[in-house]
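For reference, the structure is listed below as structure tokens.
The values are calculated or read from the model by the stated rules, or taken from the named source; none is laboratory data. Computed from a predicted structure; not experimentally measured. For neighbour counting, all protein chains shown are included, and Cβ atoms are generated from backbone atoms with ideal geometry for every residue, glycine included. These area figures cover heavy atoms from the full protein model, side chains too; ligands, DNA and RNA do not enter into them. Shrake-Rupley method; radii C 1.70, N 1.55, O 1.52, S 1.80 Å.
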Amino acid sequence: MSLFPAYNTEPLVAKSEPTASAPSELAWLTNQSFIPFGTKQTNDETESENSAPKTPDDNQSDIADEECRPDTAKDSKPSKRHRSKHKKKRKKKHSKRRHGSSSSSSPESETEKQKCTAVAIPAPSAVRVSEVDYYTDVDPLKIYLTVEKLHRPACPRYRLVTLNPLGVRFNGKGSGRERYKRYYRTVKAKEREGKAHTGKEAQEEIFAREAELERSIRAEETVDKWIELVRYRQDHPIHFDSYQNHKRELSLIERARRQFPYDEKLLQLYLEAIVQVHPTDEVLNLIRRAITKDETNVTLWRSLIRNKQCAMAQCIVPDVLKLYEKSTRSLFMARRSDETMLQLFRNCATFCRQAGLCELMFGMVQHALSMNVSGRYGTDGTFASPEHFQQLIEYEELILKSGLPMNEIWLRVEQLRTAFHYLPFEGGRLASDPQRMVLTDDVVGFVYPLINKTRAFELTLTALKLMKFPFRRQYDREVEAYEMDYPEQLLPIFLDVFRDRTLDGSLYAFIKQLSVAPSYIRANIAHESYLELVRKSLALAIDHFTGTESAVLLTLYLQLERILVCEEKALSAGRKSILEEAQAKAVRARVKHLLKHTHSTNQNSLPVYAEYGLLEYEMTGLSVACRKIFSTSVQVFCSSEQAAPPSGDDDTQEDDNDLFHLVLTVVELLLLEGQKDEAIQTLTNLALKRHELTFEATATTPTVPDTTKLSALQKFSDRVNRAVRAESQPDTELNSRTEQHFLVHPLITSIKAYVTYLALIRSNLSEATKQLETFLYLFNDPTNARQRLLREQLFEIYLQLFEIARHGRKQAHQPPPAEGLRSLLDLVDRTLNEFPANLYALRLVVFNDNLPWLRLRGVLGKHLTPQAVLLLVIAARYREACTAETLDDFIATEASPYKQRILNLLGGALKSTSTDSAAVLYRNALLWRLYLRELFDQPNAPPGYSVLEQCRRTLYVALEACPWNKALYLDGASCAPQELSQLLDLMMEKQLRVHAIPEELAILREG
């Protein structure tokens, strides 16, 4: 019998006449589910059936019918029985057993059921069924909602997990483990119960630890204990919802602030917590109420400005500028702190530059310098701009006649005018663009006089930083997350002597790609005028200051010229190692003119001539002209000092510190050229025979005997001991002055000469590294700013030893040792742990060829900074280019793995989190711009992947992070051109600087 009645082919009539009437082909349609509507049996047929004599088979069918009636009556009420199953569990089991037994009964019961059904329906011969009209079962019978199942022993058992080893037979006996359930939900439920039990135990431990910390606070209430409890709650959340965890932290911080209302650390924690709990408008109201109670608190003012500036709904440029003006006025009248005023001035001017208000920024710089440094900044027209630029007019006409789409025309004209119109116009009334006019009333609220005029040098450095000057070492400790938004910050890598010069082209191409006008990078239009502005500002500062400060500024000028020489070499065809004679001659003339008209103290400064010698080395290599610069400067110094040997006086030690610095510079160049013997001879003469110091090229270099080497080494060791004793004096100042970040400390030069000489005369670096570890142990106070500066320079010396050893092995064609790379990575990790933005350590590890990408990400993943991310992208691009050149079967149409690595790197770095290190990356507009460009530049994107849609989503996330940055809007117009109208509306709403509007350009194009 078939399981479904519709497919039953057995005859439904009594079996007494199997041969009398054979079933037709459509007999299966006569089942109960397929009786056509409207078919009724005629009275004649009924009467004939009733009047026919009953045979014994008919009697048996009647008896069977009577036996089937009680079951039919029972089955006529399925709903009541179904409800009883849900009400009482015991009855449900009983009914299942009953139906299970009935379903699994003998074939005789099935035959009886068939007979009952056969009696209930007419014979197949009596029903005329067509192939077109048939009955479809559409009645919602409730009996179909319950499916009868087999009773328990009839259910097959499955052994899901075999604990025996593979190949061993399992008999199913002797297992004391719990029997595995058949359905996965039971196992998952047990796992959840276990996790809940574990989480409950962990939660109890957290509460116990918090109770212990609170008891210690009640015993002795201090700020450190409150902070320890807050940190513990931050590290051990108890809720799945981060909002609830932040609320718990905020309540605890508020309790602590009731006891210590004026503590700065608790205030900082409070300002970080309210941002995570309250919306932006409520955060601003809370900070304003706190400011009304204490208007002299710098932390509150900075937090108010930061939250206003970084909120998409609140960031309107005039409103943010009003906050800067109000905070500057309040803090100047209350505190009169030059450090605070300089910090606010730098933040405000940076905001103006990023919002496109370059005229206002340079107006502020001009007034600040003319008020606090020199009046020549405001009278000689350095920061003034003419009304028209002929070159600008010609370029605009070419763009308007090009026939490009309007969005591309607007973008190019906007970038063009931004490159030319960055200085304020000081003529009469300018009706074409009134925003180019900057009056005194516009900037007087942001500029205040310095109380201490010694801060004028720091103000000059701040002005240079606002002009994107590439400083080799960061001199200011507190830097906002959004300040490092220009790629020119990577240019100091060109100042490293031991860098891999094959990477100069990739590095400069990357900087050129992300550079934003106005800039001195040659990729920008009108870069000549901007470079002349930077040079002129530096020249005025060199003339104004005297002594050490003037020498530092002159050194910065020479470093800028050296970077520009490296730029020329990177752009030249074939990547020449030396500069062309015509270009080198122009650079020499410019530098000699500046040296001729500077102070006499600068003309005798050895650090200045050391930098001048490095500039000549970049132009012509270690040539006769380069050696002559070093030799002449040393001879002049020795003749003026009468070749006096070093004594124990500190003044004499500081006097010959410049000589040590210059000689060590020459030694680096000699080691770079592979002249190790001459380097040893030079250092030996520095220690024992200064009057014999010369750098002229000779055919042969005499070998230094071992006894002489030991004597020179002892001299260097004695000098180091004196410098350490002088630095360890209790009266040594804790805070280092600004100019000390650009000078070479006597202790550093002594240690560098000692460990370099020790590394050169020994076969390995073990003794030199032990000495450096000792010095790092001596100066390990993190709260001492002076010792932090010393530690950073000591780490750089440490890293330079590894680089010198690598160059020596490379020139001798020796394989690198296996332990050397591990030691180098450990040292880099220690350096970046204390100084994560150190470019020397980052360059050394990122551009290492022996380091695979996965290990490189592991080293820098713990210390991600904007500089580290940018260098990783450069390294990935360079490795991709090398792969394409070396592999013959490289397919350019396939997606590159390094492209995906770059996207993963940027996507992971720009995630929004509450930690300070991640906020530095999240608020950095330069990284967002790079991410947008990398997303847009995907020619081999997989099918179905919409590049423009992904760029559009990323653009709005970037604008949420940095809503004030104009360069981000311009890059968005290039990478997501379909959003140009929305971007223009948003720029107008935020009141960013817009030099051209599409309506104006449409009129100009038609005219």
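Things worth noting here:
- Counting the residues of the stretch 511-529 that are open to solvent by less than 10 Å² (accessible area, probe 1.4 Å) and either in contact with a His (Cβ under 7 Å, 6 or more places away or on another chain) or over 21 Å from LEU411 (Cα atoms) (or both) gives 3.
- Residues being open to solvent by 30 Å² or more (accessible area, probe 1.4 Å) and closer than 20 Å to GLU528 by Cα - total across the stretch 413-427: 1
- Test: residue in the stretch 428-438 that is in contact (Cβ under 8 Å) with a residue 24 or more places away in the chain, surrounded by 15 or more Cβ atoms within 10 Å (Cβ to Cβ) and under 36 Å from the mean Cα position of the chain (by Cα): yes
Quick grid of which residues meet (1) in contact (Cβ under 8 Å) with a residue 40 or more places away in the chain; (2) over 30 Å from HIS388 (Cβ atoms); (3) crowded, with 16+ Cβ neighbours inside 10 Å; (4) small (Gly, Ala, Ser):
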position	(1), (2), (3), (4)
VAL947	no, yes, no, no
LEU955	no, yes, yes, no
PRO963	yes, yes, yes, no
ALA967	yes, no, yes, yes
CYS975	yes, yes, yes, no
GLU979	no, yes, yes, no
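- Among the residues making up the stretch 915-939, a single one is buried (at least 22 other Cβ atoms within 10 Å of the Cβ) and either polar (S, T, N, Q) or without any contact (Cβ under 8 Å) to a residue 12 or more places away in the chain (or both): ASN924.
- Selection within the stretch 491-508 - among the charged types (D, E, K, R) and within 17 Å of VAL873 (Cα to Cα): ASP500, ASP504
- Condition check for PRO942: over 21 Å from ARG306 (Cα atoms), touching a residue at least 12 places away in the same chain (Cβ under 8 Å) and open to solvent by 60 Å² or more (accessible area, probe 1.4 Å): yes
- Pairing each residue of the stretch 685-707 that is farther than 21 Å from ASP656 by Cα and of a type in the set (Ser, Thr, Tyr) with any residue that is open to solvent by 70 Å² or more (accessible area, probe 1.4 Å) and modelled with pLDDT of 80 or more, provided the two are 6+ apart or on different chains, yields C-beta distances under 6 Å for THR701/ASP677.
- Here SER385 meets each of (1) more than 37 Å from the chain's Cα centre (by Cα); (2) open to solvent by less than 30 Å² (accessible area, probe 1.4 Å); (3) closer than 18 Å to LEU461 by Cα with one exception, condition (3).
- Top-ranked residue of the stretch 881-910 - restricted to ones that are among the hydroxyl-bearing types (Ser, Thr, Tyr) and part of a helix (DSSP H, G or I), ranked as modelled with the highest pLDDT: TYR898
- Index of the failed condition, VAL444 passing every other in (1) under 25 Å from GLU458 (Cβ atoms); (2) modelled with pLDDT of 90 or more; (3) open to solvent by less than 50 Å² (accessible area, probe 1.4 Å): (3)
Per-residue answers, yes or no, for (1) within 15 Å of VAL443 (Cα to Cα); (2) in contact with a strand residue (DSSP E or B) (Cβ under 7 Å, 6 or more places away or on another chain); (3) open to solvent by 20 Å² or more (accessible area, probe 1.4 Å); (4) among the aromatic types (Phe, Trp, Tyr):
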position	(1), (2), (3), (4)
LYS326	yes, no, yes, no
ALA334	no, no, yes, no
THR350	yes, no, no, no
MET364	yes, no, no, no
GLN391	no, no, yes, no
LYS401	no, no, yes, no
MET406	no, no, yes, no
ILE409	no, no, no, no
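- Single match in ALA349, ALA384 (criterion: in contact (Cβ under 8 Å) with a residue 60 or more places away in the chain and among the small types (Gly, Ala, Ser)): ALA349
- Comparison of TYR270, TYR262 shows that the only residue that is crowded, with 17+ Cβ neighbours inside 10 Å, within 17 Å of LEU300 (Cβ to Cβ) and among the aromatic types (Phe, Trp, Tyr) is TYR270.
- Looking across the stretch 560-580, the residues that are aliphatic (A, V, I, L, M), open to solvent by 50 Å² or more (accessible area, probe 1.4 Å) and in contact with a helix residue (DSSP H, G or I) (Cβ under 8 Å, 6 or more places away or on another chain) come down to LEU571, ILE578.
- The residue that is surrounded by the fewest Cβ atoms within 10 Å (Cβ to Cβ), counting only those in the stretch 795-821 that are farther than 21 Å from PRO852 by Cβ and of a type in the set (Gly, Ala, Ser), is ALA812.
- Number of residues in the stretch 474-494 that are more than 19 Å from the chain's Cα centre (by Cα), under 24 Å from VAL920 (Cβ atoms) and either open to solvent by less than 10 Å² (accessible area, probe 1.4 Å) or not acidic (Asp, Glu) (or both): the value is 6.
- Checked against the criterion of being under 27 Å from TYR482 (Cα atoms), open to solvent by 20 Å² or more (accessible area, probe 1.4 Å), modelled with pLDDT of 85 or more and not in a helix (DSSP H, G or I), the stretch 822-840 contains one or more residues that satisfy it.
- Look at (1) in contact with a Pro (Cβ under 7 Å, 6 or more places away or on another chain); (2) farther than 28 Å from GLU264 by Cβ; (3) modelled with pLDDT of 90 or more and you find that MET406 fails only one, number (3).
- Helices (runs of 4 or more DSSP H) (entirely within the stretch 288-363) containing at least 2 residues that are in contact with a Gly (Cβ under 7 Å, 6 or more places away or on another chain): 317-334
- Some residue of the stretch 656-666 being at pLDDT below 90, open to solvent by less than 10 Å² (accessible area, probe 1.4 Å) and more than 43 Å from the chain's Cα centre (by Cα): yes
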